[in-house]
Amino acid sequence: MSGTDDVLDLAAVGIGPFNLSLSALADEVDGLSFAAWDRRPAYDWHPGLMFDWASLQVGFLADLVSLIRPTSRWSFLNYLVEHDRMYPFYIAERFHVPRREYADYCAWAAARLPGCHFGTSVDEVRWDAARDLWELTLRDTDTGAGHVRQARNVVLGVGTEPALPPALAKAAGERVFHSGEYLHRIDALTAAGVRDITVVGSGQSGAEVFLDLLRRQRTAGWAVTWLTRSWGFAPLDYSKLVLEYTTPAYMRYFHGLGPEVRDRLIASQWQLYKGIDTETIDLIHDELYDHMLDGDRPPVTLLPATAVADAADEGDGVRLTITHADTGGQTARVTGAVVAATGYAGRRPDCLAPVEKLIAWDAKGRYDITAGHRVTTVPEVGAGLYVQNAELHTHGAAAPDLGIGAYRGALILNAVSGREVFRIPRRTAFQTFGQPGQPGQPT
């Protein structure tokens, strides 16, 4: 293991969309010593769900930089210019761009940003008490060679991980898997001659998997079942005033509420971030109508208000025990495979194990996070620790939204720099959340 290099002002762990946004903004901060690391060999965003026909659920202005610094060379519009696609994009009049185009844009930026380093794992984060610095143990994933970097501030952007409910987790394998693996696994199911597939979960991922299965049905010949424990296959709420609940204005208000109130609101506001976009719902209905007209295709079944209580292997398939939320009735169904579109959960990165006792955790074992996205630590630690997309419980439904990425990154960079490098927008909503005159409200 080699020695310590110069101290960084800011070190980023993980390079997903949010730390990539931070890297793009950091590239414009004169004098800032910055580096970001990711264990993957290159940037890759949800490849298991990269359907050719899928669109981003937010507008293209929610790119890496534009909502804070639209003149940046890392903007989506500049990406189009460099790829000679500006006029086709202008004529297409697409506000919601294809998901694969957005992924390619991010990969383009990640490959060119000087601060981004792939193929490097951050194995440990320790605190150097004598110098009040974070000490990061890095390892090259190809060679195994390691070295140490020190940083005055660290921002964690490790993202979330696929979550399987306990009933499905125990049956996970070739026939039960998370939707994040769908495009990597579907050909194997086709080759194995699976005749029946069940999709569990009714968010955007579940809807897209269900739609893809329907479109493959004529050639694959499988029956398809889609079930959700929610009351229905409900849409995301994209109405304008509701979208203001994903703005910095509401985020500031939300952070000032008590933990119990915040948890209650997150549970009630699920259609801000867990529903299905209406375009996908329309495409599904069109496909179901065609299915009805065909008359000779295998059956398609949609089961709202239905939860999986148990799952077990049965021959070449899976036996699901399902429970209806309204009637309480319980039945068993045998299916050839299960695609679990059951979402993603926050995770505590393993690299934090050496410093866990220095971090303040709430009663549910989650980070205690300030309004500026800084993790609260014990008083003797002055070095900054920040998080991205790990603050749903403290900042609300905006936390995982791409539209908040540049704003959050700008807040962190301003705090680290000790000055307003980036102008922070103050009026981001027409609504006044809470009582007029409260801290964080527009004047």
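One quarter of the surface of the convex hull around the alpha-carbon atoms of segment 1-159 equals 10.5 nm², the direction-averaged projected area. The alpha carbon centroids of segment 1-72 and segment 373-403 are separated by 17 Å. As a ratio to 2.2 N^0.38 Å, the alpha-carbon radius of gyration for segment 323-417 is 1.54.
Computed from Cα positions, the angle between helix 405-417 and the longest principal axis of the chain comes to roughly 20 degrees.
The alpha carbon radius of gyration of segment 1-59, expressed as a multiple of 2.2 N^0.38 Å, is 1.49. The aspartates and glutamates whose alpha-carbon is closer than 20 Å to the alpha-carbon of LYS364, local same-chain residues fewer than 8 away aside, are GLU161, GLU260, ASP263, ASP350, GLU356, GLU391. For ASP140, neighbours were defined as the other residues whose beta-carbon sits under 14 Å from its Cβ, and their charges (Lys and Arg +1, Asp and Glu -1) total +1.
According to the square roots a ≥ b ≥ c of the eigenvalues of the Cα gyration tensor, what is the shape class of segment 254-314, taking rounded for a/c under 1.5, prolate for a/b larger than b/c otherwise, and oblate for the remainder? Because a/c hits 1.5 or more and a/b fails to exceed b/c, segment 254-314 counts as oblate. Straight-line cross-link reach from LYS274 at under 21 Å between alpha-carbon atoms covers these lysines, not counting any fewer than eight positions away in the same chain: LYS240. In a reduced charge model with +1 at each Lys and Arg Cβ and -1 at each Asp and Glu Cβ, the chain shows a dipole moment near 820 debye about its Cα centre. Taking 20 °C and 1.002 mPa s as conditions, segment 108-198 diffuses translationally at an estimated 123 µm²/s according to Stokes-Einstein applied to its Kirkwood radius (Cα pairs).
Electrostatic bookkeeping for PHE433 treats Lys and Arg as +1 and Asp and Glu as -1; over the other residues with beta carbon under 10 Å from its beta carbon, the sum is 0. Hydrodynamic analysis of segment 185-310 uses the Kirkwood radius over alpha carbon pairs. Inserted into Stokes-Einstein at 37 °C and 0.692 mPa s, it gives a translational diffusion coefficient of 197 µm²/s. The value obtained for segment 122-266, namely the Cα convex hull volume divided by the number of residues, is 228 Å³ per residue.
Kirkwood-type hydrodynamic radius, segment 245-352: 18.4 Å, calculated from all non-identical alpha-carbon pairs.
Of the two radii for segment 308-354, the radius of gyration is 1.22 times the Kirkwood radius, both from the alpha carbons; that is the Rg over Rh value.
In the distance distribution for segment 95-145, Cα-Cα pairs more than 13 Å apart total 72 percent. Of MET50, MET86, the residue with the largest accessible area leads and the full order is MET86, MET50 (1.4 Å probe). Summing charges over all other residues whose Cβ lies under 12 Å from the Cβ of ARG262, with Lys and Arg as +1 and Asp and Glu as -1, gives -1.
The values are calculated or read from the model by the stated rules, or taken from the named source; none is laboratory data. This one's a predicted model, so the numbers in the text were calculated from it and none came from an experiment. Because the Cβ atoms are built from the backbone with ideal geometry, glycine has one as well, and the counts that use them run over all protein chains shown. Accessible surface is based on the protein model in full, side chains and every heavy atom, while ligands, DNA and RNA are left aside. Shrake-Rupley method; radii C 1.70, N 1.55, O 1.52, S 1.80 Å.
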